Amino acid sequence: MLPEEQELTRLETEQAALEDQVTTAELTLETIKTESAQIQYRYYQSVGRLYVELDELEALITRVEADQDPENEEAQEQAEAAKEQAEKSAEEAGITEKQPPPPPVITPELKQAFRQAAKLMHPDRATTEEERERRNIIMAKVNVAYSKGDKGTIEKLITEYGQDPEVITGNDIGARMIKAIRRIAQLRRRMEESEQEINDLKGTEIYELFITITETEAMGGNPLMDLAAQIMQQISERKIYLDMVRAKKLKEKVF
(Lines give C-alpha, C1' and ligand atoms only; values in the text may rest on other atoms or scores of the structure.)
Protein backbone atom coordinates (compact mmCIF):
# COMPACT_ATOMS: atom_id res chain seq x y z
CA MET A 1 0.00 0.00 0.00
CA LEU A 2 1.30 3.43 -0.96
CA PRO A 3 1.99 5.95 1.83
CA GLU A 4 -0.82 8.21 0.63
CA GLU A 5 -3.21 5.26 0.63
CA GLN A 6 -2.19 4.43 4.20
CA GLU A 7 -2.78 8.05 5.23
CA LEU A 8 -6.18 8.06 3.54
CA THR A 9 -7.12 4.89 5.41
CA ARG A 10 -6.03 6.46 8.69
CA LEU A 11 -8.02 9.65 8.00
CA GLU A 12 -11.15 7.80 6.99
CA THR A 13 -10.89 5.57 10.07
CA GLU A 14 -10.59 8.65 12.28
CA GLN A 15 -13.52 10.25 10.47
CA ALA A 16 -15.72 7.21 11.03
CA ALA A 17 -14.85 7.13 14.73
CA LEU A 18 -15.62 10.84 15.11
CA GLU A 19 -18.93 10.43 13.32
CA ASP A 20 -19.96 7.80 15.86
CA GLN A 21 -18.85 10.02 18.74
CA VAL A 22 -20.72 13.06 17.41
CA THR A 23 -23.87 11.01 16.82
CA THR A 24 -23.69 9.69 20.38
CA ALA A 25 -23.13 13.18 21.79
CA GLU A 26 -26.06 14.63 19.86
CA LEU A 27 -28.27 11.74 20.93
CA THR A 28 -27.26 12.39 24.54
CA LEU A 29 -28.04 16.09 24.12
CA GLU A 30 -31.52 15.49 22.71
CA THR A 31 -32.24 12.86 25.36
CA ILE A 32 -31.28 15.24 28.17
CA LYS A 33 -33.58 17.90 26.72
CA THR A 34 -36.49 15.47 26.50
CA GLU A 35 -35.96 13.93 29.92
CA SER A 36 -35.68 17.40 31.48
CA ALA A 37 -39.01 18.34 29.86
CA GLN A 38 -40.55 15.16 31.25
CA ILE A 39 -39.45 15.85 34.81
CA GLN A 40 -40.53 19.48 34.55
CA TYR A 41 -44.00 18.37 33.52
CA ARG A 42 -44.19 15.77 36.31
CA TYR A 43 -42.99 18.31 38.87
CA TYR A 44 -45.63 20.81 37.83
CA GLN A 45 -48.45 18.27 37.86
CA SER A 46 -47.61 16.86 41.29
CA VAL A 47 -45.99 19.76 43.14
CA GLY A 48 -46.12 23.01 41.17
CA ARG A 49 -49.88 23.45 41.44
CA LEU A 50 -49.70 22.98 45.19
CA TYR A 51 -47.00 25.64 45.50
CA VAL A 52 -49.28 28.03 43.64
CA GLU A 53 -52.06 27.36 46.13
CA LEU A 54 -49.70 27.75 49.08
CA ASP A 55 -48.29 31.05 47.78
CA GLU A 56 -51.78 32.43 47.22
CA LEU A 57 -52.75 31.39 50.73
CA GLU A 58 -49.65 33.06 52.20
CA ALA A 59 -50.46 36.26 50.30
CA LEU A 60 -53.98 36.23 51.73
CA ILE A 61 -52.72 35.67 55.28
CA THR A 62 -50.16 38.47 55.13
CA ARG A 63 -52.76 40.85 53.68
CA VAL A 64 -55.26 40.11 56.46
CA GLU A 65 -52.55 40.60 59.08
CA ALA A 66 -51.37 43.82 57.42
CA ASP A 67 -54.92 45.18 57.38
CA GLN A 68 -55.12 44.59 61.11
CA ASP A 69 -52.04 46.75 61.65
CA PRO A 70 -52.07 49.43 58.92
CA GLU A 71 -49.37 51.52 60.63
CA ASN A 72 -46.87 48.67 60.57
CA GLU A 73 -44.67 49.31 57.51
CA GLU A 74 -42.94 45.95 57.78
CA ALA A 75 -46.26 44.13 57.69
CA GLN A 76 -47.30 46.11 54.63
CA GLU A 77 -44.05 45.26 52.86
CA GLN A 78 -44.44 41.59 53.69
CA ALA A 79 -47.97 41.61 52.35
CA GLU A 80 -46.84 43.22 49.10
CA ALA A 81 -43.94 40.76 48.72
CA ALA A 82 -46.27 37.81 49.30
CA LYS A 83 -48.67 39.17 46.71
CA GLU A 84 -45.88 39.49 44.14
CA GLN A 85 -44.74 35.94 44.85
CA ALA A 86 -48.26 34.61 44.40
CA GLU A 87 -48.64 36.48 41.13
CA LYS A 88 -45.32 35.11 39.91
CA SER A 89 -46.34 31.56 40.79
CA ALA A 90 -49.67 31.97 39.03
CA GLU A 91 -47.96 33.38 35.95
CA GLU A 92 -45.52 30.47 35.81
CA ALA A 93 -48.38 28.05 36.25
CA GLY A 94 -50.25 29.63 33.37
CA ILE A 95 -47.25 29.22 31.07
CA THR A 96 -46.85 25.61 32.06
CA GLU A 97 -50.49 24.83 31.41
CA LYS A 98 -50.11 26.01 27.82
CA GLN A 99 -47.37 23.50 27.12
CA PRO A 100 -48.18 20.37 25.09
CA PRO A 101 -48.67 16.96 26.72
CA PRO A 102 -45.66 15.41 28.45
CA PRO A 103 -42.86 14.20 26.17
CA PRO A 104 -42.82 10.47 25.40
CA VAL A 105 -40.46 7.92 26.91
CA ILE A 106 -37.26 7.60 24.88
CA THR A 107 -37.00 3.97 23.77
CA PRO A 108 -33.88 2.17 22.49
CA GLU A 109 -35.61 1.78 19.11
CA LEU A 110 -36.21 5.53 18.91
CA LYS A 111 -32.59 6.21 19.78
CA GLN A 112 -31.41 3.83 17.08
CA ALA A 113 -33.62 5.50 14.47
CA PHE A 114 -32.23 8.91 15.46
CA ARG A 115 -28.67 7.63 15.31
CA GLN A 116 -29.23 6.22 11.81
CA ALA A 117 -30.81 9.46 10.58
CA ALA A 118 -28.04 11.63 12.03
CA LYS A 119 -25.31 9.57 10.40
CA LEU A 120 -27.04 9.79 7.03
CA MET A 121 -28.36 13.35 7.01
CA HIS A 122 -26.28 15.56 9.31
CA PRO A 123 -25.61 19.03 7.78
CA ASP A 124 -21.87 18.75 8.51
CA ARG A 125 -21.65 16.06 5.87
CA ALA A 126 -22.75 18.44 3.09
CA THR A 127 -20.24 19.40 0.41
CA THR A 128 -22.16 22.44 -0.86
CA GLU A 129 -24.15 25.21 0.80
CA GLU A 130 -27.26 24.09 -1.03
CA GLU A 131 -26.87 20.56 0.28
CA ARG A 132 -26.22 21.85 3.81
CA GLU A 133 -29.45 23.83 3.73
CA ARG A 134 -31.41 20.78 2.58
CA ARG A 135 -29.90 18.65 5.31
CA ASN A 136 -30.65 21.33 7.94
CA ILE A 137 -34.33 21.21 7.01
CA ILE A 138 -34.47 17.42 7.12
CA MET A 139 -32.58 17.13 10.43
CA ALA A 140 -34.91 19.70 11.97
CA LYS A 141 -37.79 17.38 11.09
CA VAL A 142 -35.89 14.45 12.59
CA ASN A 143 -35.35 16.37 15.85
CA VAL A 144 -39.05 17.27 16.07
CA ALA A 145 -40.04 13.65 15.45
CA TYR A 146 -37.57 12.48 18.11
CA SER A 147 -38.95 14.89 20.70
CA LYS A 148 -42.44 13.49 20.00
CA GLY A 149 -41.30 9.87 20.13
CA ASP A 150 -42.35 9.43 16.49
CA LYS A 151 -40.06 6.65 15.26
CA GLY A 152 -42.20 6.07 12.17
CA THR A 153 -41.62 9.59 10.89
CA ILE A 154 -37.87 9.30 11.41
CA GLU A 155 -37.78 6.04 9.48
CA LYS A 156 -39.84 7.61 6.69
CA LEU A 157 -37.42 10.55 6.48
CA ILE A 158 -34.51 8.12 6.21
CA THR A 159 -36.20 6.25 3.37
CA GLU A 160 -37.11 9.43 1.50
CA TYR A 161 -33.63 10.86 1.84
CA GLY A 162 -32.00 7.94 0.07
CA GLN A 163 -28.34 7.21 -0.15
CA ASP A 164 -25.86 9.73 1.23
CA PRO A 165 -23.80 11.17 -1.67
CA GLU A 166 -20.72 11.12 0.57
CA VAL A 167 -20.51 7.34 0.27
CA ILE A 168 -20.16 7.49 -3.50
CA THR A 169 -16.68 6.31 -4.55
CA GLY A 170 -14.63 7.24 -7.58
CA ASN A 171 -12.68 10.30 -6.38
CA ASP A 172 -8.91 10.30 -6.52
CA ILE A 173 -6.88 9.81 -3.36
CA GLY A 174 -5.86 13.47 -3.03
CA ALA A 175 -9.44 14.73 -3.19
CA ARG A 176 -10.62 12.08 -0.75
CA MET A 177 -7.87 13.04 1.69
CA ILE A 178 -8.86 16.72 1.57
CA LYS A 179 -12.52 15.80 2.12
CA ALA A 180 -11.58 13.62 5.07
CA ILE A 181 -9.40 16.33 6.64
CA ARG A 182 -12.15 18.94 6.32
CA ARG A 183 -14.79 16.50 7.57
CA ILE A 184 -12.68 15.67 10.62
CA ALA A 185 -12.33 19.38 11.41
CA GLN A 186 -16.11 19.84 11.12
CA LEU A 187 -16.76 16.86 13.36
CA ARG A 188 -14.37 18.10 16.01
CA ARG A 189 -16.07 21.48 16.08
CA ARG A 190 -19.49 19.88 16.36
CA MET A 191 -18.25 17.59 19.10
CA GLU A 192 -17.03 20.57 21.11
CA GLU A 193 -20.35 22.36 20.60
CA SER A 194 -22.36 19.31 21.65
CA GLU A 195 -20.24 18.72 24.74
CA GLN A 196 -20.63 22.37 25.74
CA GLU A 197 -24.41 22.21 25.33
CA ILE A 198 -24.53 19.00 27.37
CA ASN A 199 -22.44 20.55 30.16
CA ASP A 200 -24.64 23.65 30.18
CA LEU A 201 -27.81 21.55 30.49
CA LYS A 202 -26.30 19.42 33.24
CA GLY A 203 -25.67 22.61 35.21
CA THR A 204 -29.33 23.62 35.27
CA GLU A 205 -31.61 23.18 38.27
CA ILE A 206 -34.10 21.13 36.30
CA TYR A 207 -31.43 18.59 35.34
CA GLU A 208 -30.25 18.34 38.95
CA LEU A 209 -33.88 17.75 39.93
CA PHE A 210 -34.12 15.03 37.27
CA ILE A 211 -31.03 13.26 38.65
CA THR A 212 -32.27 13.48 42.24
CA ILE A 213 -35.72 12.15 41.42
CA THR A 214 -34.38 9.39 39.16
CA GLU A 215 -31.89 8.16 41.76
CA THR A 216 -34.47 8.25 44.57
CA GLU A 217 -37.08 6.41 42.50
CA ALA A 218 -34.48 3.80 41.57
CA MET A 219 -34.16 3.05 45.29
CA GLY A 220 -37.92 2.69 45.67
CA GLY A 221 -38.72 6.19 46.83
CA ASN A 222 -41.27 8.66 45.51
CA PRO A 223 -39.84 12.14 46.18
CA LEU A 224 -42.52 14.06 44.29
CA MET A 225 -45.33 12.36 46.18
CA ASP A 226 -43.51 12.92 49.48
CA LEU A 227 -43.00 16.60 48.68
CA ALA A 228 -46.62 16.96 47.61
CA ALA A 229 -47.74 15.47 50.93
CA GLN A 230 -45.58 17.96 52.83
CA ILE A 231 -47.00 20.91 50.89
CA MET A 232 -50.57 19.74 51.39
CA GLN A 233 -49.86 19.55 55.12
CA GLN A 234 -48.53 23.12 55.03
CA ILE A 235 -51.63 24.24 53.13
CA SER A 236 -53.87 22.63 55.73
CA GLU A 237 -51.98 24.29 58.57
CA ARG A 238 -52.01 27.70 56.91
CA LYS A 239 -55.76 27.46 56.28
CA ILE A 240 -56.30 26.83 59.98
CA TYR A 241 -54.06 29.79 60.78
CA LEU A 242 -56.00 31.99 58.34
CA ASP A 243 -59.26 31.09 60.05
CA MET A 244 -57.71 32.06 63.39
CA VAL A 245 -56.52 35.42 62.02
CA ARG A 246 -59.93 36.15 60.55
CA ALA A 247 -61.64 35.15 63.78
CA LYS A 248 -59.36 37.47 65.69
CA LYS A 249 -60.17 40.33 63.34
CA LEU A 250 -63.89 39.69 63.65
CA LYS A 251 -63.62 39.59 67.42
CA GLU A 252 -61.81 42.93 67.48
CA LYS A 253 -64.59 44.48 65.39
CA VAL A 254 -67.22 43.23 67.79
CA PHE A 255 -65.45 44.73 70.77
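Taking a ≥ b ≥ c as the square roots of the eigenvalues of the alpha-carbon gyration tensor, region 48-95 is classed prolate because a/c is 1.5 or more and a/b outweighs b/c. In the chain, a dipole from Cβ-located charges (positive for Lys and Arg, negative for Asp and Glu) runs towards its positive end, and of 66, 147, 214 it is 147 whose Cα lies farthest in that direction.
With the charge dipole of region 35-85 set up from +1 on Lys and Arg Cβ and -1 on Asp and Glu Cβ about the Cα centre, the Cα lying farthest toward the positive end among the listed residues 75, 54, 39 is that of 39. Summed over the residues of the chain and divided among them, the accessible surface reaches 63 Å² per residue at a probe radius of 1.4 Å. Note on residue 248: lysines with a C-alpha under 17 Å away, same-chain residues under 8 apart excluded, are 239.
The value of relative contact order for the chain, using C-alpha pairs under 8 Å at least six residues apart, is 33 percent.
The charge dipole of the chain, taken about its Cα centre with unit charges on the Cβ of Lys, Arg, Asp and Glu (plus for the first two, minus for the last two), comes to roughly 840 debye.
The values are calculated or read from the model by the stated rules, or taken from the named source; none is laboratory data. All values derive from a computational prediction rather than experimental measurement. Methodologically, a virtual Cβ is constructed for each residue, glycine included, from the backbone with ideal geometry; neighbour enumeration extends over all protein chains shown. Only protein heavy atoms, including side chains, enter the accessible area calculation; ligands, DNA and RNA are left aside. Shrake-Rupley method; radii C 1.70, N 1.55, O 1.52, S 1.80 Å.
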